[in-house]
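See structure below.
The values are calculated or read from the model by the stated rules, or taken from the named source; none is laboratory data. Predicted model, so just to flag it, every value in this text is computed and none were measured. Here the Cβ positions follow ideal geometry from the backbone for every residue, glycine too, while neighbour counts run over all protein chains shown.
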Amino acid sequence: MNGGIMSRIAVYIITGLLLSPLKGICSSIPFDEARTYELVYNVFVPAMKAKADADSQSGELSLWIPFPAEHRFQQVKDYTVSSPLKWKITREKKYGNRMVYIYGNASALPMEVSIRFVVKRSPYSGIAKEEVNRLAYADPSMYLTPLTVTAGYSRIVKLAKSTAKGLKSDSDKIKAFYNYVVDNLRYDKSGTGWGRGDPVWACSNKRGNCTDFHSLFIEMAKVEKIPARFKIGLPMPPEKKEGKVPGYHCWAEAYDSSFGWKPLDATEAKKTGLKDRYLGLLPSNRIEFSQGRNLILEPPQKGAPLNYFIFPYAEVGGRPLKGIKHEITFKRL
């Protein structure tokens, strides 16, 4: 057997070994079944130590923790809140995101809050246009305004126009924008700049995480007058039945005038190679929490709008409180 054949055999063996774990994960992705999860969302709010915070120690504490979304594909079956301070469920006005709002005197710090959710999630195939008018916060006209127009935004306009050249239907343009992001961006969290969902940065650097991938897709769609919106939640590892939640995950939806709201997940498509499946269908191994960017909470925070809302945010005396920690665990029921 010559060296060339041996080299090719070695490549096949190594490739198979590298891909076998991915194949196992892909085969466990629940595209065809609903799943129910128990989530325990623990939040640790520290005491204030800096002298500058001394005057705020007796001030009002406000803590906002995201609450899972509810719709036909996701239902909150049960929840309990354990908090040393008063709390209530509130809903912000623009996008309808819900949250647990905890409030009281800051002298209670440090403190721990624990929220248990039981959530049933089904594979999500989007919202037909016939349903859209009956649903709150689904009006496509709400999702046409660019996130921000900076000096580099013209790059996105040029990219979107060139990618959509010759295409007529929303469906074809959505697919072309999605394919561009999957094919041309790298899932790369090295260095700085990633994770902010800055579409101009993503366009220029062609890398980032799920926030960056989908921010670019959304802005490309808006250039072509296609409404698009940002969704964020928690990933449930499909191959595991319980454990710690490994960070957040986000995706996008675009409004196809011939269909309605169509979901897509460019980063999972990139990671798994299942590009065709993740356009128009999301599996049930995720829990949606909120939508939109530049968010004003309820009651409104004194600080700046939040870039997105998946982790806790707190203020004391109207000033943002740093050092909040959280831990989220899941169990498939």
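So the values come out like this:
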{"read-out": "Residue that is surrounded by the most Cβ atoms within 10 Å (Cβ to Cβ), among those in the range 208-237 that are more than 17 Å from the chain's Cα centre (by Cα) and either at pLDDT below 95 or farther than 24 Å from Gly96 by Cβ (or both)", "value": "Met220"}
{"read-out": "Entirely in the range 53-115, the strands (runs of 3 or more DSSP E) that have 2 or more residues that are in contact (Cβ under 8 Å) with a residue 60 or more places away in the chain and among the hydrophobic types (A, V, I, L, M, F, W, C)", "value": "60-66"}
{"read-out": "All positions within the range 196-208 that are in contact with a strand residue (DSSP E or B) (Cβ under 7 Å, 6 or more places away or on another chain) and outside any helix (DSSP H, G or I)", "value": "Lys206, Arg207"}
{"read-out": "Every residue from the range 101-141 that is of a type in the set (A, V, I, L, M), surrounded by fewer than 17 Cβ atoms within 10 Å (Cβ to Cβ) and not assigned by TED's automatic domain parsing to the domain that holds Tyr313", "value": "Ala128, Val132, Leu135, Ala136"}
{"read-out": "When residues of the range 102-158 are limited to those that are among the hydroxyl-bearing types (Ser, Thr, Tyr) and in contact with a Lys or Arg (Cβ under 7 Å, 6 or more places away or on another chain), the one nearest to Ser284 (Cα to Cα)", "value": "Tyr143"}
{"read-out": "Tally of residues being buried (at least 18 other Cβ atoms within 10 Å of the Cβ) and under 16 Å from the mean Cα position of the chain (by Cα) across the range 244-269", "value": "16"}
{"read-out": "Restricting the range 159-187 to residues that are among the charged types (D, E, K, R) and either touching a Phe, Trp or Tyr at 6+ places or on another chain (Cβ under 7 Å) or part of a helix (DSSP H, G or I) (or both), the residue that is surrounded by the most Cβ atoms within 10 Å (Cβ to Cβ)", "value": "Lys173"}
{"read-out": "Residues that are surrounded by fewer than 18 Cβ atoms within 10 Å (Cβ to Cβ), within 14 Å of Phe217 (Cα to Cα) and under 23 Å from the mean Cα position of the chain (by Cα), drawn from the range 149-158", "value": "Tyr153"}
{"read-out": "The range 196-212 residues that are in contact (Cβ under 8 Å) with a residue 60 or more places away in the chain, paired with ones that are assigned to a helix (DSSP H, G or I) (beta carbon under 8 Å, 6 or more apart)", "value": "Arg196/Thr211; Arg196/Asp212; Gly197/Thr211; Gly197/Asp212; Gly197/His214; Gly197/Ser215"}
{"read-out": "Test: residue in the range 261-277 that is outside any strand (DSSP E or B) and within 30 Å of Gly59 (Cβ to Cβ)", "value": "no"}
